[in-house]
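What follows is a short report on a single structure.
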Amino acid sequence: MIRLRAVFSKKDRAKYISHLDLNRCMLRTFRRSGLPIWYTEGFHSHPYFSFALALSLGYESDCEILDFNLNEEVPPNEVRDRLNAVMPDGMKIISVAEQKLKITAITNAEYSFSLITDSPELLMNNIKSLINQEQILIEKKTKKGIKTVDIKPDMKIISFEVSEKSVDMVMRLPAGTQTNYNPSLFFEALKKSSEMPFETAKIRRTGIFCENNEIFS
C-alpha cells in the first residue's frame, strides 16, 4: 500500500462546496481517475481518503490536504495529472508526495481576508483597539456546547494594511486535532467592539503549519 498526500486549492465556485459534499466530489473524482485507489475492507468497502482540516463554507484555500492510499505505485506527477483531469471546477491538485508527517503535527493555519468598509482608517483604529485589549473573549460552539474562549493568546496578526475601501489582513490561528479557530471568531469579536460596520471578503486559507513554523506537507 502506497500512502500519498495531495495539496490542492479550492477557489471560485468551489468555495461553496460543503465539507460533506467535498467527500462526495472526491469519491467521484477517484473513481473517474482510474487510479488504483485502496479500498477499505468490510461489507461496504469504499475508497479510503481523508482531509486534514475542514474548511468553512465560503472560504477559499491554497493549501488543502488530502490523504489517500494506492494499491500500486504510480509516479506522483501522474497521480496529480490524472486527478486534475477529472477534478470539479475551482479545485486543482498542486502537488502529490508520500505522506511524511502525521496530521497531529498540524498546529496552526494562516488566513488572508479583507474587511470592506466606508471608512478603512476608522476600522483600522478599531482593530488596533481590539487587539490591544488584555483579552478577546468570544463564545465558541464546541461538542460540549457553547464555551467562552479567549482567542488573543493564540491569535497572531501577520500583517494588515489600509486600502481605499478595505482593511486587508493576514492572521495565523490554532488548527489541528486539539484546537481549531477560524477568522469568523475574530470577525464576531470585532463586530461587537467596533462601531464601524464592515463586510468580509476574499477569505482564504493560505498556509498550514507545524509547531516549528514548518509548512505542513
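Annotation: of all residues in region 55-66 being in contact (Cβ under 8 Å) with a residue 60 or more places away in the chain and part of a loop (DSSP other than H, G, I, E, B), the one that is farthest from Met155 (Cα to Cα) is Gly58. Among the conditions (1) farther than 27 Å from Lys102 by Cβ; (2) modelled with pLDDT of 95 or more; (3) out of contact with any Pro (no Cβ under 8 Å at 6 or more places or on another chain), the only one that Ile138 does not satisfy is (2). Counting the residues of region 29-45 that are out of contact with any Leu (no Cβ under 7 Å at 6 or more places or on another chain) and surrounded by fewer than 17 Cβ atoms within 10 Å (Cβ to Cβ) gives 10. Residues considered: Ser217, Ser166. Of these, the only one that is in contact with a strand residue (DSSP E or B) (Cβ under 8 Å, 6 or more places away or on another chain) and at pLDDT 95 or above is Ser166. Of all residues in region 166-182 being surrounded by fewer than 20 Cβ atoms within 10 Å (Cβ to Cβ) and within 10 Å of Leu115 (Cβ to Cβ), which is nearest to the chain's Cα centre (by Cα)? The residue in question is Met169. For region 192-215, taking the residues that are among the acidic types (Asp, Glu) and under 20 Å from Ile116 (Cα atoms), the one that is surrounded by the most Cβ atoms within 10 Å (Cβ to Cβ) is identified as Glu199. Here Ser50 meets each of (1) under 30 Å from Lys202 (Cα atoms); (2) touching a Phe, Trp or Tyr at 6+ places or on another chain (Cβ under 7 Å); (3) not β-branched (Val, Ile, Thr) with one exception, condition (2). Restricting the first member to region 67-92 and to residues that are closer than 17 Å to Leu27 by Cβ and of a type in the set (Gly, Ala, Ser), and the second to residues that are surrounded by 17 or more Cβ atoms within 10 Å (Cβ to Cβ) and at pLDDT 95 or above, the beta-carbon pairs closer than 9 Å and six or more apart or on different chains are Ala85/Ser33. Picking from residues in region 49-75 that are closer than 11 Å to Leu4 by Cα and surrounded by 15 or more Cβ atoms within 10 Å (Cβ to Cβ), the one that is nearest to the chain's Cα centre (by Cα) is Ile65. Identification of strands (runs of 3 or more DSSP E) wholly contained in region 98-161 with 2 or more residues that are without any contact (Cβ under 8 Å) to a residue 40 or more places away in the chain and loosely packed, with under 11 Cβ neighbours inside 10 Å yields 137-142, 145-150.
Just one of the listed residues (Lys192, Lys156, Lys143, Lys147) is basic (Lys, Arg) and modelled with pLDDT of 95 or more, and it is Lys156.
The values are calculated or read from the model by the stated rules, or taken from the named source; none is laboratory data. Computed from a predicted structure; not experimentally measured. As a convention, Cβ positions derive from the backbone with ideal geometry for all residues, glycine included, and neighbour counts pool all protein chains shown.
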